[in-house]
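Working notes, beginning with the structure itself.
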Amino acid sequence: MKLKQIVQATLAAASLLAFPLSGMAAEVEVLHYWTSGGEAKSAAELKKLMEAKGVSWKDFAVAGGGGENAMTALKARVIAGSAPTAAQIKGPSIQEWGKEAVLANIDVAATEGKWDASLPKVVSNVMKYKGHYVAVPVNVHRVNWLWVNPEVLKKAGATAPTNFDEFFVAADKIKKAGLIAIAHGGQPWQDATVFESVVLGVGGAAFYQKALVQLDPASLNSPTMIKAFDTLAKIKTYIDKDAAGRDWNLATAMIINGKAGMQFMGDWAKGEFSAAGKQPGKDYLCLPAPGTEKAFTFNIDSLAMFNVKGADQQKAQLTLANAVMSPEFQEVFNLNKGSIPARAGVSRAKFDSCALKSMDDMDATSKSGGLVPSFAHGMAIDSAKAGAIQDVVARFMNSSMTSQAAALALVKAAKAK
Ligand code: BGC
């Protein structure tokens, strides 16, 4: 169901429901898809913080990497007239929900907490609908990473790659050593995650921006895009035959336990390494995806706030918003999640070398023009177009479609409504 239809259904459902307006214990219900080991540990920190503030936590966790299942569950709840207090929604989707008039204005918390002063503009813009805060950012994930097991490299006599030529040399050696070169899960959002890093590595940040953010037809169907698909086709040959449907965290586990050498994934993968007690630089390496050292694909997780009834629930919602924005929360959540704080004023002291690199690179790329929104993680374009492009990539990954046909199909997909 389109979001447009949701609001009508919501109003109809709401008129049938009697909302208890008072006497409810302060509670927040939060829809999220943080269910893997590292993710669940991170979400538990928010629950702990809310309970310490006397607000009970109703967990609405919907498993499924990338959040597609969670979005389906959210739509059903909003249609039924019982939206949760907050939901993990991000990027342009916040605007789509804003248009439906179902999001709560939380400016009062933002003004009091001086959010404008502590958030980079690239972050605060996404949290506002028509100039008013309706969402809070929990972190910034970097997507263009390659996770590597150095023991596997060593066994194979391979070295850490910095570009695609070196990447395929390493992949060949790992394969020859009888191990899996690339850990991957064959799910459309994971395919899209690899694809966007390949486009960035092959074409550079300016090309990425033109193709996957501006959706310029001449860039989508171009020799550079065809080269990106050729590279993706080659990557496919290093993925094991059991990859179909595999969850991303199971692919990360293959790196952790030395079954596979390298994985393209955002830094929520680091949450899995941390939860398994692994140390960066020693047990695993976080390298920029081949050819993307000077770029940064950002993915900002945020909690959008829904209209809730009753003074108690509204107060609990503002408590949640304030808690998420507190330096205390941004530190502990991101130490577990693998991401970096979204706000300024959080000490760097406890963060590891991967997180520090991410912080420095975000800063540098925001000045150089290398900072680009992640297409695969809902930061770049509206959900209909992103879904259609993701479908093309998934078709490419699962068939013998040519690179030329895929590039051409992107042009049509970019017009989806
Ligand atoms: C989200 C992360 C999450 C990952 C895997 C990404 O789109 O931003 O928070 O850990 O998907 O589900």
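Nearest-5 percent of antiparallel DSSP beta bridges in the chain?
In the chain, approximately 55 percent of DSSP beta bridges are antiparallel ones.
Using a Cα distance threshold of under 28 Å, what count of lysine pairs results for region 299-417 when pairs must be 8 or more residues apart or interchain?
Taking region 299-417 as the scope, the lysine pair count is 9.
Relative contact order for the chain: what percent, with Cα pairs under 8 Å and sequence separation of 6 or more? Walk me through the intermediate numbers first.
Numbers: 779 pairs, mean separation 111.1, N = 417.
Relative contact order here is 27 percent.
Once ligands and nucleic acids are excluded and a 1.4 Å probe is used, how much of Lys210 is accessible, expressed in Å² to the nearest 10?
In the full protein context, Lys210 sits at about 100 Å².
How big is the dipole moment of region 156-255 about its Cα centre under a simple scheme where the beta carbon of each Lys and Arg is +1, that of each Asp and Glu is -1, and everything else is neutral? Debye, nearest 20, please. Walk me through the intermediate numbers first.
Values: 9 positive and 10 negative charges, 42 e Å.
With Lys and Arg at +1 and Asp and Glu at -1, about 200 debye.
Using a cut-off of 15 Å between beta-carbons, work out the net charge of the residues near Pro217 (Lys and Arg +1, Asp and Glu -1, Pro217 not included).
Net charge in that neighbourhood comes out at +3.
Rounded to a whole number, what % of the accessible area of the chain do carbon and sulfur atoms account for, probe 1.4 Å?
Here it works out to 56 percent.
Is region 188-313 rounded, prolate or oblate when judged by the Cα gyration tensor, a ≥ b ≥ c being the square roots of its eigenvalues, rounded requiring a/c under 1.5 and prolate requiring a/b larger than b/c?
Judged from the Cα gyration tensor, region 188-313 comes out oblate (a/c at least 1.5, b/c at or above a/b).
Which lysines does Lys128 reach when only Cα atoms under 18 Å apart count, and residues fewer than 8 places away in its own chain are ignored?
Lys90, Lys99, Lys114
If the only charges are +1 at each Lys and Arg Cβ and -1 at each Asp and Glu Cβ, what is the size of the charge dipole of the chain around the Cα centre, to the nearest 20 debye?
It works out to roughly 480 debye.
Counting only heavy atoms of the protein chains, get the accessible area per residue of the chain (1.4 Å probe) and round it to a whole Å² value.
41 Å²
Convex hull over the alpha-carbon atoms of region 278-349: what's its volume per residue in Å³?
Looking at region 278-349, the number lands at 132 Å³ per residue.
Could you tell me the distance between the Cα centroids of region 140-164 and region 313-389, to the nearest Å?
23 Å
Could you tell me which residue out of Leu103, Ser82, Ala156 lies farthest along the dipole of region 55-160 toward its positive end? Charges go on the beta carbon: Lys and Arg +1, Asp and Glu -1, centred on the Cα centre.
My answer, from the dipole projection, is Ala156.
For Ile340, what accessible surface area do you get with a 1.4 Å probe? Give it in Å², rounded to 10.
Here the accessible area works out near 10 Å².
Label-point separation (nm) for Lys99 and Lys309, each offset 7 Å from Cα along Cα-to-Cβ?
Distance between label points: 2.8 nm.
Please report, for the Cα atoms of region 226-283, the Rg to one decimal and the Dmax as a whole number; what are they, in angstrom?
In order Rg, Dmax, the Cα atoms of region 226-283 give 13.0, 40 Å.
What do you reckon, how do Arg348, Arg395, Arg142 stack up by accessible area (1.4 Å probe), largest on top?
Sorted descending by solvent-accessible area, the residues read Arg395, Arg348, Arg142.
Rounded to the nearest 10 Å², what accessible area does Glu45 show when all protein chains are kept and the probe is 1.4 Å?
The accessible area comes out at roughly 40 Å².
Rounded to the nearest 500, what is the 222 nm mean residue ellipticity of the chain from helices alone, with -39500 (n - 2.57) per DSSP H run of 4+ residues and division by all residues?
-15500 deg cm²/dmol
Answer rounded, prolate or oblate for the chain, using the Cα gyration tensor with square roots of eigenvalues a ≥ b ≥ c: rounded when a/c is under 1.5, else prolate when a/b is larger than b/c, else oblate. Let's see the in-between values first.
Numbers: a/c = 1.88, a/b = 1.49, b/c = 1.27.
Here the chain falls in the prolate category.
The values are calculated or read from the model by the stated rules, or taken from the named source; none is laboratory data. Not measured: the values here are computed from a predicted model. So basically every Cβ, Gly included, is an ideal-geometry build from the backbone, and we count neighbours across all protein chains shown. In case anyone asks, the SASA skips ligands and DNA or RNA and just uses the protein heavy atoms, side chains included. Shrake-Rupley method; radii C 1.70, N 1.55, O 1.52, S 1.80 Å.
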